[in-house]
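The values are calculated or read from the model by the stated rules, or taken from the named source; none is laboratory data. Bear in mind the structure is a predicted one, so any value in this text is a computation, not a measurement. Counting neighbours? That spans all protein chains shown, and the Cβs are built from the backbone with ideal geometry, glycine included.
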Protein chains: 2
Amino acid sequence: MSENRKSPDLIVGVLGGMGPEATVDFMSEVIGLTDASRDQEHVRMIVDHNPQVPDRQAAMRGDPGPVRRTLADMARRLEAAGAHFLVMPCNTAHAFVGDAVAAVSVPFISIIDTTVQSIREQHPGIRRVGLLATDACIAAGVYQDALRRAGLELTLPDADAQRRSMELIFRVKSGDTGEAVRAAMREIAITLADAGAQAVIAGCTEIPLVLDAVRDGVALISSTRVLASRSVDYATGARALPTDNLTKR
Amino acid sequence: MSENRKSPDLIVGVLGGMGPEATVDFMSEVIGLTDASRDQEHVRMIVDHNPQVPDRQAAMRGDPGPVRRTLADMARRLEAAGAHFLVMPCNTAHAFVGDAVAAVSVPFISIIDTTVQSIREQHPGIRRVGLLATDACIAAGVYQDALRRAGLELTLPDADAQRRSMELIFRVKSGDTGEAVRAAMREIAITLADAGAQAVIAGCTEIPLVLDAVRDGVALISSTRVLASRSVDYATGARALPTDNLTKR
């Protein structure tokens, strides 16, 4: 017991439920990454676990309005409930986040920017990264923009591998995290390494549920874990919360 | 895919973080118990994951006011955020729930009452149940009252087993869910069966993290799973939400 350790100061607001297991995985990572020996030393999170946010893949092909408005409503509820900053453990949904960012006065910490910054900080020698993400996330270009700003080159799966990756992501969403799905996802990650990627971003929060490594010498960057780690840092004061909103840059 | 299945109607408000892993376990149970094949068919939960609720064991020995007021504040925030009913996946904290129940107009579903009702519904032949719970939960008498109303007899661990059970619960809270903890918890559960219990209630939400069975012929009743199952039933309309507040009875 460490009676003198103080409780983390800031409350994390989580726009969650996209998908359900990914949010639980994010929360588990926050708990596991917190240096705590009793309940009171853990980070407070207010989580709107809302799996009923409209389908993001369909919104990218059609009308993004309902997704954007739903995320803005969630952000407002979380701020009103007391959250000091907001995170959203879903990469694809970051394509629809503009209204949510505008709706609140607390910082909205981007999983995309945070993941790319983490590569620059943790793996400064890396020049080319592979990306596993949904079709909508890739179509939105959010990772492409962040990587370009960071001076990093990008390798995407070829069309066939991307199609298989999407099938696997939706199998995970339906609850299948079995060995066949794991092996198939890893095979796709290895094609990125074969094409020159020195690290692979698990840029969809379903992916770390079935992928924990690529191969020796190629780092796997879990966007879920990076966002969880950063959230713990902000909540505990180990890192200063930005005063500007990262996603407004 | 089941495009015609509708989304669950009601939002579950969760007073969580007591302990952190137990809340994540509760959410995983809700997700696993929901009949869904895509995100939108899952249950929406607004979770105040607040591990910083003051220590419940100390509050039972001293001043319960701060715990009671903290829970009431959490309940109000959850109602304001849109929750249609409230649950709290922590048995011990139910000793301090009066102010929270009084603070809101939505039903507060008791894990204690729900667990005891579940035994009557699922195991109607059972007359004597064992209880694994914290010292504070036992001192508060919440399970004793509910079991008496249901006409069920109670077996508690002897003083030495209860002391060991508390040590194990706090080892789980500190992150230790290893084989030694599992074996020791199961040994205590078996002493309850040996003393005549036909079922054993895991009446602390840390316990299902390290105990999944007692022995053949003796049911293990996870209060976490019972509350999760009931929450899914209410959210999806499979069971009508009570109009009166269960914990106000």
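Considered as a group, the residues in the stretch A:139-152 that are surrounded by fewer than 14 Cβ atoms within 10 Å (Cβ to Cβ) and over 18 Å from the mean Cα position of the chain (by Cα) include one that is farthest from A:PHE96 (Cα to Cα), and that residue is A:GLY151.
Check the stretch B:30-46 and report whether any residue there is closer than 25 Å to B:ALA146 by Cβ, surrounded by fewer than 24 Cβ atoms within 10 Å (Cβ to Cβ) and touching a residue at least 12 places away in the same chain (Cβ under 8 Å). Among the residues of the stretch B:30-46, at least one is closer than 25 Å to B:ALA146 by Cβ, surrounded by fewer than 24 Cβ atoms within 10 Å (Cβ to Cβ) and touching a residue at least 12 places away in the same chain (Cβ under 8 Å), which makes the answer yes. Checked against the criterion of being away from chain A (no Cβ under 14 Å), surrounded by 22 or more Cβ atoms within 10 Å (Cβ to Cβ) and under 14 Å from B:GLU21 (Cβ atoms), the candidates B:VAL210, B:VAL200, B:VAL172, B:VAL181 yield just one match: B:VAL210. Residues in the stretch A:57-88 that are within 10 Å of another protein chain (Cβ to nearest Cβ), under 18 Å from A:LEU241 (Cα atoms) and in a helix (DSSP H, G or I): A:LEU78 only.
Residues that are surrounded by fewer than 24 Cβ atoms within 10 Å (Cβ to Cβ), facing chain B (nearest Cβ under 8 Å) and among the small types (Gly, Ala, Ser) within the stretch A:1-29 comprise A:SER7, A:SER28, listed in sequence order. Condition check: over 19 Å from B:GLN40 (Cβ atoms) and either at the interface with chain B (Cβ under 7 Å from one of its Cβ atoms) or out of contact with any helix residue (DSSP H, G or I) (no Cβ under 7 Å at 6 or more places or on another chain) (or both). Does A:ARG38 satisfy that? The answer is yes for A:ARG38.
Criterion applied to A:ALA228, A:ALA213, A:ALA235 was being among the aliphatic types (A, V, I, L, M), more than 13 Å from A:LEU131 (Cα to Cα) and not in a helix (DSSP H, G or I), and the one residue passing it is A:ALA213.
More than 19 Å from B:LEU10 (Cβ to Cβ) and surrounded by fewer than 19 Cβ atoms within 10 Å (Cβ to Cβ), is that true of B:HIS123? So B:HIS123 passes the test.
The set of residues in the stretch A:89-108 being away from every other protein chain (no Cβ under 14 Å), under 27 Å from A:PHE170 (Cα atoms) and part of a helix (DSSP H, G or I) consists of A:HIS94, A:ALA95, A:PHE96, A:GLY98, A:ASP99, A:ALA100.
So which residues in the stretch B:113-153 are of a type in the set (D, E, K, R) and in contact with a Gly (Cβ under 9 Å, 6 or more places away or on another chain)? Within the stretch B:113-153, B:ARG120, B:ARG127, B:ARG128, B:GLU153 meet the criteria. Pairing residues of the stretch B:190-212 that are outside the structural domain of B:LEU168 (by TED's automatic domain parsing) with residues that are of a type in the set (Phe, Trp, Tyr) and part of a loop (DSSP other than H, G, I, E, B), at Cβ distances under 9 Å and at least 6 apart in sequence or on separate chains, gives no pairs at all.
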